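J.: First the structure, then my questions, so here it is.
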Amino acid sequence: MTLIAEHIEGDTRERILEVAERLFRQIGYQKTTVGDIAKELRMSPANVYRFFESKKAIHQAVARGLMGEVELEAERIVARPGPVIPRFRELLTTINRMNTERYVGDSKLHEMVEIAMQEDWDVCVAHMECIAGVIGQMIAQGVASGEFEAPDLQLASLCACTAMMRFFHPQMIAQCATKPGPTIDQMIDFVIAGLSPRH
């Protein structure tokens, strides 16, 4: 395939995903059909199927894009220099803020995430593993600088992610918004206290 043809194919895939995300937000994932997406793009459904084998594949790619934005921002915070504890706090609040903005205030997009979680798609699993890995990197930096103490980095990362679950998981963010519980700052203080050196 020529570079021009590859570029056109890539552009078409991006356009399909942009339109799909917009329709998922406007009318909901369940009500959106491949025919609706094709109509918006002035192409045939058969042409859409050339790029994505099913509606589920389109949905997965849209979800992957949204999750990828959160991952990129998390990786950017981890890569920055400076003391670990303020960046660790920023990392955890940023994941919460981005997931809240993307999924919770938007009921139609929230429906899409719910379906992804129920079907336990590989994209969701990969995202959770990525976020746990980024948190693990930050804890490792804290251990290296003496700000944290964590003999088992993987366990420390899993514990931190589990502690933050109601602030990370889109469904739990929505369900817990009006229920009693610690604030995100109180929970982060608790996690940092658990990682602090014992001496």
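The values are calculated or read from the model by the stated rules, or taken from the named source; none is laboratory data. Fair warning: this is a prediction, and the values are worked out from it, not measured in the lab. Using ideal geometry, Cβ is built from the backbone for each residue, glycine included, and neighbour counts are taken over all protein chains shown. Keep in mind that these areas ignore ligands, DNA and RNA; they rest on the heavy atoms of the full protein, side chains included. Shrake-Rupley method; radii C 1.70, N 1.55, O 1.52, S 1.80 Å.
J.: Just to be sure I understand, how many residues within region 163-197 are surrounded by 11 or more Cβ atoms within 10 Å (Cβ to Cβ), of a type in the set (Val, Ile, Thr) and at pLDDT below 90?
T.: Qualifying residue count, region 163-197: 1.
J.: Might you check whether a residue that is within 13 Å of Val70 (Cα to Cα) and either in a helix (DSSP H, G or I) or over 17 Å from the mean Cα position of the chain (by Cα) (or both) occurs anywhere in region 102-110?
T.: Here is the first cut: in region 102-110, the residues within 13 Å of Val70 (Cα to Cα) are 102-103.
Of the ones still in play, those that are also either in a helix (DSSP H, G or I) or over 17 Å from the mean Cα position of the chain (by Cα) (or both) are 102-103.
Yes.
J.: Restricting to region 69-97, name every residue that is surrounded by fewer than 14 Cβ atoms within 10 Å (Cβ to Cβ), under 18 Å from the mean Cα position of the chain (by Cα) and in contact (Cβ under 8 Å) with a residue 12 or more places away in the chain.
T.: Once the filter is applied, which keeps residues that are surrounded by fewer than 14 Cβ atoms within 10 Å (Cβ to Cβ), under 18 Å from the mean Cα position of the chain (by Cα) and in contact (Cβ under 8 Å) with a residue 12 or more places away in the chain, region 69-97 yields only Glu69.
J.: Here's a follow-up. Could you please let me know if Ala63 is open to solvent by less than 20 Å² (accessible area, probe 1.4 Å), on the phi < 0 side of the Ramachandran plot and either over 11 Å from the mean Cα position of the chain (by Cα) or of a type outside the set (Val, Ile, Thr) (or both)? Let's see the steps before the verdict.
T.: On the way: open to solvent by less than 20 Å² (accessible area, probe 1.4 Å): yes; on the phi < 0 side of the Ramachandran plot: yes; either over 11 Å from the mean Cα position of the chain (by Cα) or of a type outside the set (Val, Ile, Thr) (or both): yes.
The answer is yes for Ala63.
J.: Something else now. Being under 18 Å from the mean Cα position of the chain (by Cα) and in contact (Cβ under 8 Å) with a residue 12 or more places away in the chain narrows it down to one of Cys130, Cys159, so name that one.
T.: On the way: Cys159 fails: under 18 Å from the mean Cα position of the chain (by Cα).
The unique qualifying residue is Cys130.
J.: Residue by residue through region 22-35, note down the ones that are free of Cβ contacts under 8 Å to residues at least 24 places away in the same chain and open to solvent by less than 50 Å² (accessible area, probe 1.4 Å). Show your work before the answer.
T.: In the first step, residues of region 22-35 are kept if they are free of Cβ contacts under 8 Å to residues at least 24 places away in the same chain; the result is 22-23, 31-33, 35.
Once the filter is applied, which keeps residues that are free of Cβ contacts under 8 Å to residues at least 24 places away in the same chain and open to solvent by less than 50 Å² (accessible area, probe 1.4 Å), region 22-35 yields Leu23, Thr32, Gly35.
J.: Within region 133-156, how many residues turn out to be touching a residue at least 12 places away in the same chain (Cβ under 8 Å) and within 20 Å of Glu75 (Cα to Cα)? Walk me through it before giving the result.
T.: So the first thing to find is which residues in region 133-156 are touching a residue at least 12 places away in the same chain (Cβ under 8 Å), and the list is 133-142, 145-150, 153-154, 156.
So of that shortlist, the ones also within 20 Å of Glu75 (Cα to Cα) come out as 133-142, 145, 147-148, 153-154, 156.
Number of matching residues: 16.
J.: Could you check region 168-186 and list, in sequence order, the residues that are touching a residue at least 60 places away in the same chain (Cβ under 8 Å) and aliphatic (A, V, I, L, M)?
T.: Ile173, Ala174, Ala177, Ile184
J.: Let me ask something else about it. Report, by residue number, each residue of region 126-148 that is open to solvent by less than 80 Å² (accessible area, probe 1.4 Å) and closer than 14 Å to Pro197 by Cα. Explain how you work it out, then say what you get.
T.: Step one: of region 126-148, the residues open to solvent by less than 80 Å² (accessible area, probe 1.4 Å) are 126-127, 130-136, 138-143, 145-148.
Answer for region 126-148, where residues must be open to solvent by less than 80 Å² (accessible area, probe 1.4 Å) and closer than 14 Å to Pro197 by Cα: Ile139, Ala140, Gln141, Gly142, Val143, Ser145, Gly146, Glu147, Phe148.
J.: State all residues of region 36-60 that are over 24 Å from Val125 (Cβ atoms) and within 22 Å of the chain's Cα centre (by Cα); if no residue qualifies, say none.
T.: Within region 36-60, none qualify.
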